[in-house]
Amino acid sequence: MAEETTIRAAALPRTGVGSAFGTCGELLQGVLAENGLDFLVTLPIRAGSVAVFEPDPRLDRVEPAPGHKVKSRQLAELMLRRQGVAGGGRLTVCSELAEGKGLASSSADLVATARAVADATGRTTTPAEIESCLRAIEPSDGVMYPGVVAFYHRQVRLRARLAPLPPLTIVAADEGGQIDTVEFNRRPKPFSIPARREYSRLLHALAAALARNDLPTIGAIATRSAVMNSVLRDRPHLGQAIDASDAIGALGVVVAHSGTMTGLLISDTDPDYPGKLAAAVRHARTYGVSVAVHRSWQPATPEHRPARNTLEEATVSHRPPTDERVDQ
């Protein structure tokens, strides 16, 4: 019976291509009071990963390039098994996202890989299917969904899709080094009951602020999340970043909660945008080993907008456009 249902890789219709955006840290991340679950709210940016999968029936496994993309290989092989496809292939992953910095590089690689393998089998995968596959591999940042989402990253499960993100620029300073996100997420989060209650309030406040395009509140919540997260590990540049934000009139500070990036948030519609951008870069260079400028990404098509501005769950099928290279 297995022989009758197995598809040879040679029968796959074409080379598959997939892409996924990354994130520049998170607008909010913590533990909720009502269920004790770790959650985050994504900050999608216009940089990401692209994967190309070339089926090859002569191979008995998937060969990744670069060779260290082992998790992407594991995901591709898992998806092929689930589809009943025998043989392997060559998987090429190209990413604009630095690893170990909190830009969702691993999640973007994996989501792009899932879309590439699905494309090679002549179908479109869903975010829910990708979630199911990723649970067997590692926690995820929720980038299988377009736009801003509240996501249970340790459970690899959507909590809710939120309203569209206004156009933002993030001037991100790298404190140096790398963080192993998987290892970091295994650590217990010693947040008190009052802190968890605050996280629950902040999540609802952020959802409301996004719905009404309230930029100052979005920035204030991101800054508060950065401060609260500093109990988990030292944030050597956070105080300087907050002072810089206040000095130049930025919206606030955003951090990669399990990464090395500390960013200043600026509205793209700010009347003094050029001046604030230049000032933010100058400040970031005083405390970062390197500085990158990222721009937020939000799908514009109506089907990507949440039906209601609530914290209810929803899922959609998504293939994002090719992400733009950000200024470095």
So, for the stretch 217-294, what is the accessible surface per residue at a probe of 1.4 Å, expressed in square angstrom? 37
Between ASP60 and ARG295, the FRET efficiency computed from the C-beta separation at R0 = 30 Å comes out, to the nearest 0.05, as 0.10
What does the convex hull of the Cα atoms come to per residue for the stretch 178-291, in Å³? 110
Report relative contact order for the stretch 122-274 in percent, whole number only (criteria: Cα-Cα under 8 Å, sequence separation at least 6). 24
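Could you work out how much longer the chain between ALA195 and THR286 gets when fully extended? Use 0.36 nm per residue separation minus the Cα distance between them, nm to one decimal.
Value of the extension gain: 29.6 nm.
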Counting only protein heavy atoms and using a 1.4 Å probe, what share of the accessible area of the stretch 185-303 belongs to carbon plus sulfur, as a whole percent? 56
Cα centroid of the stretch 48-108 to Cα centroid of the stretch 118-134, whole Å: 13
Note, the stretch 99-114: 3J(HN,Hα) by Karplus (6.51, -1.76, 1.60, θ = phi - 60°), whole Hz, Gly/Pro = x, goes 8, x, 10, x, 9, 6, 4, 5, 4, 5, 4, 5, 5, 4, 4, 4
Please enumerate, by chain and number, the lysines with C-alpha under 24 Å from the C-alpha of LYS189, excluding those fewer than 8 residues away in the same chain. LYS101
Would you tell me the accessible area of ASP246, worked out with a 1.4 angstrom probe on the heavy atoms of the protein chains, in Å² to the nearest 10? 120
Regarding the stretch 82-146, what's the average projected area of the Cα-atom convex hull, expressed in nm²? 5.0
Provide the per-residue ³J(HN,Hα) series for the stretch 69-81, in order, calculated from phi with Karplus coefficients 6.51, -1.76, 1.60 and θ = phi - 60°, each as a whole number of Hz, with x at glycine and proline positions. 7, 5, 5, 5, 4, 4, 5, 4, 5, 4, 5, 4, 4
Fraction of accessible area attributable to carbon and sulfur, the stretch 30-133 (%, probe 1.4 Å): 50
What dipole magnitude, in Debye to the nearest 20, does the stretch 126-175 give about its Cα centre under +1 on Lys/Arg Cβ and -1 on Asp/Glu Cβ? 320
Translational D (Stokes-Einstein, µm²/s) of the stretch 9-92 at 20 °C and 1.002 mPa s when Rh comes from the Kirkwood sum over C-alpha pairs? 143
Where a ≥ b ≥ c are the square roots of the eigenvalues of the C-alpha gyration tensor, would you call the stretch 24-164 rounded, which needs a/c under 1.5, or, failing that, prolate if a/b is larger than b/c, or oblate? prolate
In square angstrom, what is the accessible area per residue of the stretch 66-172 with a 1.4 angstrom probe? 27
So, taking all protein chains as they sit and a 1.4 Å probe, how much accessible area belongs to LYS69, in Å² rounded to tens? 20
Please compute the modelled spin-label separation between HIS204 and ASP243, points set 7 Å along Cα→Cβ, answer in nm with one decimal. 3.7
Dipole of the stretch 61-150 [Lys/Arg +1, Asp/Glu -1 at C-beta], most positive-end residue of ALA86, ALA108, GLY142: ALA86
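The values are calculated or read from the model by the stated rules, or taken from the named source; none is laboratory data. Quantities reported herein were computed from a predicted structural model and do not represent experimental measurements. We place every Cβ from the backbone using ideal geometry, glycine too, and count neighbours over all the protein chains shown. Quick note on the areas: whole protein, heavy atoms, side chains included, nothing else; ligands and nucleic acids left out. Shrake-Rupley method; radii C 1.70, N 1.55, O 1.52, S 1.80 Å.
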